[in-house]
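Comments concern the structure below.
The values are calculated or read from the model by the stated rules, or taken from the named source; none is laboratory data. Predicted, not measured: the structure shown is a model, and the values here were computed from it. We place every Cβ from the backbone using ideal geometry, glycine too, and count neighbours over all the protein chains shown.
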Amino acid sequence: MGEDWVNKTPGRRKPVVILACHVMQSLIQPHLNGADIPVTYMDYGLHVRPQKMTPTLQAQLDALPEPSLVLIGYGLCGNGLDGLKAGPHTLVIPRADDCIAILLGSYQAYIRAFHEQPGTYYLTKGWLESGSNPLKEYRSYVEQFGAKNADALIDTIYGKYKRLCFVAHTQADLDEYRPRALEVAEFCAQRWGMTYEERIGSDDLIRRLLEAPRHPSDLGEDFVVVPPGGTVEQRMFIRMENIR
């Protein structure tokens, strides 16, 4: 992969734009170091309704004033990126099924965690802040549908999980958000017998994404690059080791 995908014309680099899930903000901001790079953080709720993710992100891409190098802070996320059209832009996306691999720092870290306990629900400070967790969702369902229907709905969504893992990226975040994470964990333990675990994640994948404009040849197999005129497709995220 040469630098043609970075340069619009000889001697001029494409402007860089970041489009990411709000849950990535605390990972991305420390690496910007005051750089004048436009960043748009999208609402957490797109994870709950991935069918809205493509048109919502497409509108953001279509509104860019000139061909750009767009760093996408999402994984495939429930096929939420499937069908996203690059238009005149170049897209760089972590090659991950969902945000968990990004939060853990690599696809390999995600696979190791998966083999440790396949039935793991991951919790982050972003999802705690947004209310996207089993406890908050259950309370919302009770208000909307009544207790009996809420019980059936929440059990359908989360009943298969065996472990809740709170992922933070600093010890300070772990300490600050632990009480809220433990409240969710207690609910999950009482209802489904989930165990609770804490883990310090890694910003390695995000760091490499943000370094893409300077080091395009270092991306390797961990990123999907969609050239101008291309379309994001699910098959781009499939790794051969997953189908052997």
Please tell me if ASP222 is touching a Lys or Arg at 6+ places or on another chain (Cβ under 6 Å), crowded, with 16+ Cβ neighbours inside 10 Å and among the acidic types (Asp, Glu). yes
Filter pass, ARG163 being surrounded by fewer than 18 Cβ atoms within 10 Å (Cβ to Cβ) and either closer than 23 Å to PRO118 by Cα or not polar (S, T, N, Q) (or both): no
Only one of ALA147, ALA109 is modelled with pLDDT of 90 or more, closer than 30 Å to ILE18 by Cβ and small (Gly, Ala, Ser). Can you tell me which? ALA109
Among LEU91, LEU76, LEU71, LEU103, which is assigned to a loop (DSSP other than H, G, I, E, B), buried (at least 17 other Cβ atoms within 10 Å of the Cβ) and not aromatic (Phe, Trp, Tyr)? LEU76
Going through ILE102, ILE111, ILE72 one at a time, which residue ends up being closer than 24 Å to GLU197 by Cβ and either touching a strand residue (DSSP E or B) at 6+ places or on another chain (Cβ under 7 Å) or basic (Lys, Arg) (or both)? ILE102
Of all residues in region 198-244, how many are of a type in the set (D, E, K, R), touching a residue at least 40 places away in the same chain (Cβ under 8 Å) and within 17 Å of TYR122 (Cα to Cα)? 2
Would you say LYS52 is at pLDDT below 90, surrounded by fewer than 20 Cβ atoms within 10 Å (Cβ to Cβ) and of a type in the set (Lys, Arg)? yes
Would you mind telling me which numbered condition in (1) under 21 Å from THR120 (Cβ atoms); (2) in contact with a Gly (Cβ under 7 Å, 6 or more places away or on another chain) ALA185 fails? (2)
Among the candidates ALA181, ALA172, ALA168, single out the residue that is at pLDDT below 95, surrounded by 14 or more Cβ atoms within 10 Å (Cβ to Cβ), hydrophobic (A, V, I, L, M, F, W, C) and farther than 16 Å from TYR74 by Cα. ALA168
Among (1) in the same structural domain as TYR196 (by TED's automatic domain parsing); (2) under 17 Å from the mean Cα position of the chain (by Cα); (3) not in a helix (DSSP H, G or I), the one test that PHE114 misses: (3)
Among all residue pairs at least 6 apart or on different chains, which show Cβ distances below 6 Å where the first residue, located in region 63-80, is of a type in the set (S, T, N, Q) and the second is crowded, with 16+ Cβ neighbours inside 10 Å and not in a loop (DSSP other than H, G, I, E, B)? SER68/VAL17
Scan (1) buried (at least 19 other Cβ atoms within 10 Å of the Cβ); (2) more than 24 Å from ILE238 (Cβ to Cβ) for the single condition TYR122 breaks and write down its number. (2)
State which residue pairs qualify: first residue among the polar types (S, T, N, Q) and inside region 147-160, second residue not in a loop (DSSP other than H, G, I, E, B) in any location, beta carbons under 8 Å apart, and separation of 6 or more residues or different chains. ASN149/TYR141
One residue is enough: does region 199-219 have a residue meeting the conditions modelled with pLDDT of 95 or more, over 22 Å from the mean Cα position of the chain (by Cα) and surrounded by fewer than 20 Cβ atoms within 10 Å (Cβ to Cβ)? no
Considering only residues that are in contact (Cβ under 8 Å) with a residue 12 or more places away in the chain and closer than 18 Å to VAL226 by Cα, which ones fall in region 21-55? MET53, THR54
